[in-house]
Amino acid sequence: MLDRTPIDLANETAEAALRADYDSLGERLARAGLDIAAIKDKAARFAVAVPSWGVGTGGTRFARFPGRGEPRGIMDKLDDCGVIHRLTGATPTVSLHIPWDKAPAADLLAKAAEWGLGFDAMNSNTFQDQPGQLLSYKHGSLSHTDPSVRAQAVEHNIECIEIGQTIGSKALTVWIGDGSNFPGQSDFSRQFDRYMDSARAIYAALPADWRLFTEHKMFEPAFYSTVVQDWGTNYLIATELGEKAFCLVDLGHHAPNTNIEMIVARLVSRGKLGGFHFNDSKYGDDDLDAGSIDPYRLFLVFNELIEAEGKPGFAPAHMLDQSHNVTDPIESLMVSATEVQRAYVQALLVDREALAAHQEANDALMATTTLKRAFRTDVEPILAMARLDKGAAIDPVAAFRASGYRDRVAAERPAAQAGGGGIV
Ligand SMILES: [Mn+2]
């Protein structure tokens, strides 16, 4: 467990300066008609899920360089996730990945309860073969040409739902690696029809109060085409499956320069936005920490979400999904959770009445300046005060380093094997 003493000591030292900064920001916001306490309460309620696989060190196709004290299994992962939530107060749920995180439900629930954690969406895995698995996914899973491979993949997804039901999860996220590497390798239409048949079988097994999230990705592991390539395909899937099916937007799964915030607006307008996998990228996929390259884009995504707040049934799921190759995963996830929360709070500051008026008047300059004004506001005192109120850390990374947690688990957990590749 985490020793509270260093957190409390650091908070005591930093509290007076924080209160001064918070009061000063409060005065500034009040001049714009904004109530800082109400915004802080919203910030405190904002939550983003941590993926269980995120607390391990990631890797690339070339190598993986394990960190110290890497989690040995799901119980260690839940401890690490608990630390992230204890220090940020922003990550109350964990998203499990099956079969990596298989464990008796009672053990999972007991460990989660130790840290005050719950369970977010379940994630199935048909993009790699597992030990003892009968049929291979080398040439696809839910869209495979062989019906028995498709049946195996469907069965696995249903098992994920069943496991999720025992631990209080309410959603299944499906991402498949199916696609093709060469023009002509697959018939696009027949392949998609096979995918839809499989997806319908999974959807039919979904409990009444569950949601199904499908995640699109433009490339990788297939390098010519993927079956669920883009948001349009994803929207087709969610629409054809039914009202419990929604599109999941992973920020890293688009071509560079894609206008993701507009995709978000489109999906919101049709009630099909399921949620997000937050990360950032310079070139592709979910390589980098949320907000590390383009925090303005993250803000623009949240600007669309705030615009949609209050719409019936609008409840997008928030999760981090990123690979940590050179940083301590706990530190990266804490910073990322805070960055996502920051974008949310900045978007709350947008003067929507003024923005709408500028849009109606075709005043492009004032419209964009209205957004920029919110984005430029340093909302750190609001985030830090929300953390302090919860007993979390004013400065999570500093508190984590002072806690000695990494040294302690490094002593308990045997060093992971170096070498090998694989994006995890
Ligand atoms: Mn993802």
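The values are calculated or read from the model by the stated rules, or taken from the named source; none is laboratory data. All figures in this text were calculated on a predicted structure; none of them were measured in a lab. Note: ideal-geometry Cβ built from the backbone for every residue, glycine included; neighbour counts use all protein chains shown.
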| said: Six or more apart or on different chains, Cβ atoms under 9 Å: show the pairs whose first residue is in the stretch 203-227 and farther than 30 Å from residue 168 by Cα and whose second is within 13 Å of the ligand (Cβ to nearest atom) and of a type in the set (Phe, Trp, Tyr). | reply: 221/127
| task | Report yes if residue 144 is away from the ligand (no atom under 16 Å from the Cβ), touching a Lys or Arg at 6+ places or on another chain (Cβ under 6 Å) and farther than 23 Å from residue 316 by Cα, otherwise no. | result | yes
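Identify, from the list 204, 113, 121, the residue that is touching a strand residue (DSSP E or B) at 6+ places or on another chain (Cβ under 7 Å) and of a type outside the set (S, T, N, Q). Please lay out each step first, then the result.
Numbers: 204 fails: touching a strand residue (DSSP E or B) at 6+ places or on another chain (Cβ under 7 Å); 113 fails: touching a strand residue (DSSP E or B) at 6+ places or on another chain (Cβ under 7 Å).
After applying the criteria, what remains is 121.
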| query | In this structure, does residue 329 turn out to be under 23 Å from residue 232 (Cα atoms) and not β-branched (Val, Ile, Thr)? | reply | no
| Any idea which residue in the stretch 52-91 is surrounded by the fewest Cβ atoms within 10 Å (Cβ to Cβ), counting only those that are among the aliphatic types (A, V, I, L, M) and touching a residue at least 60 places away in the same chain (Cβ under 8 Å)? | 63
| query | For the stretch 35-120, which helices (runs of 4 or more DSSP H) that fit wholly inside it have 3 or more residues that are modelled with pLDDT of 95 or more and over 24 Å from residue 166 (Cβ atoms)? | reply | 36-45, 74-88
| task | Any chance you could count how many residues in the stretch 265-288 are within 15 Å of the ligand (Cβ to nearest atom) and farther than 25 Å from residue 207 by Cβ? | result | 9
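Among the residues of the stretch 166-180, are any in a loop (DSSP other than H, G, I, E, B), at pLDDT 95 or above and in contact with a His (Cβ under 8 Å, 6 or more places away or on another chain)? Step through it out loud before you land on a result.
Keep residues of the stretch 166-180 that are in a loop (DSSP other than H, G, I, E, B), which gives 168-170, 175-178.
Okay, now just the ones that are also at pLDDT 95 or above, so 168-170, 175-178.
Adding the requirement that they be in contact with a His (Cβ under 8 Å, 6 or more places away or on another chain) leaves 178.
Within the stretch 166-180 (the criterion being in a loop (DSSP other than H, G, I, E, B), at pLDDT 95 or above and in contact with a His (Cβ under 8 Å, 6 or more places away or on another chain)), the answer is yes, since at least one residue qualifies.
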| Of all residues in the stretch 167-182 being farther than 14 Å from residue 317 by Cα and of a type outside the set (Val, Ile, Thr), the one that is nearest to the chain's Cα centre (by Cα) | 175
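Out of the residues in the stretch 238-250 that are out of contact with any helix residue (DSSP H, G or I) (no Cβ under 6 Å at 6 or more places or on another chain) and aliphatic (A, V, I, L, M), state the one that is nearest to the ligand (Cβ to nearest atom).
Residues of the stretch 238-250 out of contact with any helix residue (DSSP H, G or I) (no Cβ under 6 Å at 6 or more places or on another chain): 238-240, 242-244, 248-250.
Next, only the ones that are aliphatic (A, V, I, L, M) stay: 238, 248-249.
Working: 238: 16, 248: 7, 249: 9 Å.
Among residues in the stretch 238-250 that are out of contact with any helix residue (DSSP H, G or I) (no Cβ under 6 Å at 6 or more places or on another chain) and aliphatic (A, V, I, L, M), the one nearest to the ligand (Cβ to nearest atom) is 248.
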| request: Test residue 344 against the criterion of being over 30 Å from residue 213 (Cβ atoms), touching a residue at least 24 places away in the same chain (Cβ under 8 Å) and hydroxyl-bearing (Ser, Thr, Tyr), and give yes or no. | output: no
| message | I'm trying to understand the selection: among the residues of the stretch 165-199, which are in contact (Cβ under 8 Å) with a residue 60 or more places away in the chain and more than 16 Å from the ligand (Cβ to nearest atom)? | response | 166, 167, 169
| Checking residue 186 against (1) surrounded by fewer than 22 Cβ atoms within 10 Å (Cβ to Cβ); (2) under 23 Å from residue 145 (Cα atoms); (3) at pLDDT 95 or above, which test does it fail? | (1)
